[in-house]
Amino acid sequence: CRTCGTIRVAYNSCRNRHCPKCQGAAARDWLVARAGDLLPVPWFHVVFTLPPEIAAITFQNKKVVYGILFKSATETLRIIAADPRHLGAGIGLIAVLHSWGQTLSYHPHLHCIVPGGGPSPDGSRWIACRPGFFLPVRVLSRLFRRLFLEALRAAFEAGQLQFFGDLVDLADPQAFARLLASASRRNWVVYAKPPFGGPEQVLAY
């Protein structure tokens, strides 16, 4: 203050959820609101990971490809869960994007927190999954790969993707098609972690 000389430090916003000035209060409010949404059922943790060649495209097209990642993963879970051969129920989920791995390398993957069951198609009853088992990860992986690559191809054909530096050659349709063909032959990593001990652990995670 130019009048009394008092100095108060006001940092620029870092928008980090751990920062008490920027996001701390918002994070606490969000947790309180979500606590009322959690069902008293087992919850599962399912992770969808992009292979390296797709991650490289993602890094240069974050907005478009992150949208594809969220949509493909959620559709995968809902389609397989609705199949009577697996669960036969409608499900909801919470999905959180992690863009970096533990080694601080670019590693986009989606963490999904999913209740272990859902309402029947007619809404008359609750259908629970088998104890300790949610959905088959191999089936999830194959459908996720197909849905994601179909959406990525559509984004390319719509001119929504851009390529720079080492990836500039992918602007050629034939080169891009070869990359998609290679990615379709790769096993995409989808895994389900053991269920949480209860709804409280979901929020803690």
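The values are calculated or read from the model by the stated rules, or taken from the named source; none is laboratory data. Remember, it's a predicted structure, so these values are computed and weren't measured experimentally. FYI the Cβ positions are ideal-geometry reconstructions off the backbone, even for glycines, and counts take in every protein chain you see. To get the accessible areas, we keep the full protein, side chains included, count just its heavy atoms, and leave off ligands, DNA and RNA. Shrake-Rupley method; radii C 1.70, N 1.55, O 1.52, S 1.80 Å.
Data for the structure
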quantity	calculated
Residue list for region 152-168, restricted to those being surrounded by 12 or more Cβ atoms within 10 Å (Cβ to Cβ) and either in contact with a Lys or Arg (Cβ under 7 Å, 6 or more places away or on another chain) or of a type in the set (D, E, K, R) (or both)	R153
Set P40, P51: member being out of contact with any strand residue (DSSP E or B) (no Cβ under 9 Å at 6 or more places or on another chain), under 30 Å from F164 (Cβ atoms) and surrounded by fewer than 16 Cβ atoms within 10 Å (Cβ to Cβ)	P51
Sole exception among (1) modelled with pLDDT of 90 or more; (2) surrounded by 18 or more Cβ atoms within 10 Å (Cβ to Cβ); (3) part of a loop (DSSP other than H, G, I, E, B) for F196, by number	(1)
Test: residue in region 113-120 that is open to solvent by 60 Å² or more (accessible area, probe 1.4 Å), of a type outside the set (A, V, I, L, M, F, W, C), closer than 25 Å to V46 by Cα and over 21 Å from the mean Cα position of the chain (by Cα)	yes
Enumeration of residues in region 93-124 that are more than 30 Å from A56 (Cβ to Cβ) and out of contact with any strand residue (DSSP E or B) (no Cβ under 7 Å at 6 or more places or on another chain)	P121, D122, G123, S124
Residue list for region 26-40, filter: out of contact with any helix residue (DSSP H, G or I) (no Cβ under 6 Å at 6 or more places or on another chain) and either outside any helix (DSSP H, G or I) or free of Cβ contacts under 8 Å to residues at least 60 places away in the same chain (or both)	A26, A27, R28, D29, W30, V32, A33, G36, D37, L39, P40
Every pair of residues 6+ apart whose Cβ atoms lie under 9 Å, when the first sits in region 170-182 and is without any contact (Cβ under 8 Å) to a residue 12 or more places away in the chain and closer than 19 Å to A151 by Cβ while the second is open to solvent by less than 70 Å² (accessible area, probe 1.4 Å) and assigned to a loop (DSSP other than H, G, I, E, B)	A171/L161; A171/F163
Filter result (of a type in the set (D, E, K, R) and modelled with pLDDT of 90 or more) within region 128-146	R138, R142, R145, R146
K71 being touching a residue at least 40 places away in the same chain (Cβ under 8 Å) and either in a helix (DSSP H, G or I) or under 11 Å from the mean Cα position of the chain (by Cα) (or both)	yes
Residue in region 2-25 that is farther than 30 Å from I91 by Cα and among the aromatic types (F, W, Y) present	yes
Selection from region 64-92 of residues that are closer than 15 Å to F134 by Cβ and open to solvent by 40 Å² or more (accessible area, probe 1.4 Å)	R78, I79, A82, R85, H86
Set R138, R142: member being open to solvent by 80 Å² or more (accessible area, probe 1.4 Å), part of a helix (DSSP H, G or I) and over 20 Å from E53 (Cα atoms)	R138
